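Some notes on the structure that comes next.
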């Protein structure tokens with residue numbers, strides 16, 4: 001079989017498609033996979049469109065089941081909404097999230113393969129690990145001898161635009177829409193441009209491309225793509241009038257604009273004969289990235305004015321909980337002293353600590369940030385609630401995030417990018433026809449969305465996808481997807497002002513070295529490259545048994561009681577290393593496809 005071939009992977013045979021009524025799969029992703037946003041993890045740029053490649057089949061050892069949908073139904077519509085940096089705590093503040101937990105599936109072991117927005121979103125779009133799709137960091141970090149290391153530019157450079165699930169769904173007959181946040185660097189050329197400026201080279205795979213770009217992290221004064229009436233796109237500039245009332249400011253709030261555009265897409269296509277796929281990417285609850293704010297009263301995490309403290313909500317609106325109920329207890333592991341997290345060499349001797357940045361986030365600041373983030377997600381909660389109310393009864397709704405966020409845990413200040421629980425474990429709930437309510441214990445990762453969408457759309461799954469379809473778990477809470485997932489992170493010191501994730505925290509991403517980690521339901525092993533290089537061998541390890549160390553407070557790597565677990569996970573890392581030469585459109589070998597199995 002040649003590289004790029006696709007496979008049905010043992011899929012069942014469906015009857016001929018008969019469109020009876022609209023079917024919507026709404027994937028509300030907290031944080032990030034935001035394929036829908038034009039600045040998914042940084043300042044946007046223009047992408048080039050190109051034709052896609054088709055491939056042909058290999059055989060999978062554990063083929064996914066095929067979901068047939070309700071009797072008489074055809075291929076589902078799909079709406080995918082991805083929030084940015086939303087951690088597990090925020091789900092309980094969202095009434096829509098609570099509703100979905102009661103009536104749908106809750107994935108208790110959902111992870112991302114890099115807890116950094118652009119690499120995470122690129123992985124979601126392609127179903128591939130960062131080393132496969134070429135997006136290792138948020139921004140290109142050029143000039144260098146290797147070419148672009150991250151952002152939209154690297155995504156294009158490595159041909160990843162041609163491997164997105166969106167392009168394959170569009171080619172199969174779906175109307176595909178993107179609203180909100182996309183990938184870093186897409187749109188940088190139009191930032192600050194006036195309304196009416198043409199936008200060239202919209203990324204392939206999107207029938208409607210309503211990306212929100214510019215400084216939408218700050219929620220005001222940004223640009224968005226809108227149709228120009230001639231089949232192309234132009235800039236729509238959103239301002240921040242100084243003398244506007246709170247209500248007028250909220251109408252221009254990026255979260256509300258994204259909500260309105262998303263609902264409009266659904267309304268426009270709900271009754272279409274063709275199925276639709278909508279990817280909604282929000283910027284909340286990511287922190288703002290500019291000190292020069294639109295308004296003088298902007299907190300680091302700027303919520304809509306209706307959710308800030310005021311006459312109606314003296315303490316602000318934190319949704320399903322009183323803001324005062326969110327305390328330091330909602331930041332598990334806060335204040336951990338990092339002395340007993342020091343890494344070990346493979347031979348069991350202590351290695352130098354990789355984390356040497358100033359420690360700690362003051363308790364008051366941590367709680368303030370937590371509450372402001374809860375206020376930020378209320379705009380998304382209202383959007384999700386509306387979506388749930390307007391889609392028909394053959395609709396799937398999935399709520400997840402591109403990564404989490406730590407606020408003073410692990411001897412760190414605040415931020416993301418680590419292999420620890422607060423950063424890599426994300427909320428994931430879904431409702432829909434045939435979805436049996438209840439928890440799912442199986443390990444899933446954001447690279448599993450691409451094959452899941454293709455499975456639902458009755459599109460063959462390409463053999464370069466590393467993810468697996470989650471469809472078997474919809475009707476069967478005990479269904480097993482995989483036992484492990486991997487997390488890989490690349491150290492890169494970007495220039496000031498380039499990376500939107502670097503300013504927040506003292507030390508930030510400049511502290512975290514490159515690493516490879518493997519995660520199961522109950523344990524995590526991370527291998528850090530202490531030289532902070534891309535292919536070094538100066539390794540040191542941390543291991544945590546989550547049953548005895550749920551907050552990863554003490555490194556257990558050298559403890560004899562855990563030797564067997566460590567050995568199993570060390571073998572997994574070695575196997576992953578052997579598969580890293582498989583990149584871009586290369587087909588996975590059977591051995592590499594089985595990596596995440598038991």
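Each reported figure results from applying straightforward, stated rules to the coordinates on display, with no laboratory input. Just so we're clear, the structure is a prediction, and the values are computed from it rather than from any experiment. In this analysis, Cβ positions are derived from the backbone assuming ideal geometry, glycine residues included, and neighbour counts consider all displayed protein chains.
Quick notes
- The coefficient of translational diffusion for segment 304-462, derived via Stokes-Einstein from the alpha carbon Kirkwood radius under 25 °C and 0.890 mPa s, stands at 128 µm²/s.
- With the alpha-carbon atoms of segment 126-270 aligned to their principal axes, the span from lowest to highest coordinate is 49, 39, 27 Å, starting with the largest.
- 17 Å cut-off, amide nitrogen to a point 7 angstrom out along residue 296 Cα→Cβ, residues in segment 242-266: 242-246
- Inverting the pair-averaged 1/r between distinct Cα atoms of the chain gives 23.6 Å as its Kirkwood hydrodynamic radius.
- Distribution of pairwise C-alpha distances over segment 168-233, 5 Å bins, in %: 4, 17, 28, 25, 16, 7, 4, 1
- Relative contact order of the chain, pairs being alpha-carbon contacts under 8 Å that are 6 or more residues apart, as %: 23 percent
- Here the average projected area of the convex hull drawn through the C-alpha atoms of segment 249-357 stands at 13.5 nm².
- Most simply put, segment 152-288 has about 45% antiparallel DSSP beta bridges, counting only bridges with both residues inside it.
- Listed by Cβ neighbour count within 10 Å, with the fewest neighbours leading, 206, 354, 152 appear as 354, 206, 152.
- Residue 393 versus residue 315: modelled label distance in nm, points set 7 Å from Cα along the beta carbon direction: 4.1 nm
- Longest to shortest principal axis, alpha-carbon extents of segment 143-195, angstrom: 40, 33, 12
- In segment 353-504, Cα pairs under 8 Å separated by at least six residues give a relative contact order of 19 percent.
- Sorted by Cβ neighbour density within 10 Å, fewest at the top, the residues 286, 131: 131, 286
- Treating each Cα of segment 395-482 as one equal point scatterer and applying the Debye formula with no solvent, the log10 of I(q)/I(0) at q = 0.18, 0.20 Å⁻¹ comes out as -0.86, -0.98.
- Enclosed volume per residue, in Å³, of the convex hull spanned by Cα atoms of segment 198-277: 115 Å³
- DSSP assigns beta bridges within the chain; of those with both partners inside it, close to 55 percent run antiparallel.
- Here the Kirkwood formula puts the hydrodynamic radius of segment 103-204 at 15.1 Å, using every distinct Cα pair.
- Percentage relative contact order, segment 343-434, counting C-alpha pairs under 8 Å, at least six apart: 30 percent
- 20 °C / 1.002 mPa s Stokes-Einstein diffusion coefficient of segment 520-598, Kirkwood radius on C-alpha pairs, µm²/s: 151 µm²/s
- Exposure proxy ranking for 145, 531, 114, based on other Cβ atoms within 10 angstrom of each Cβ and starting from the fewest, stands as 145, 531, 114.
- Length gained when the stretch residue 476-residue 324 is fully extended (0.36 nm per residue, less Cα-Cα span): 50.9 nm
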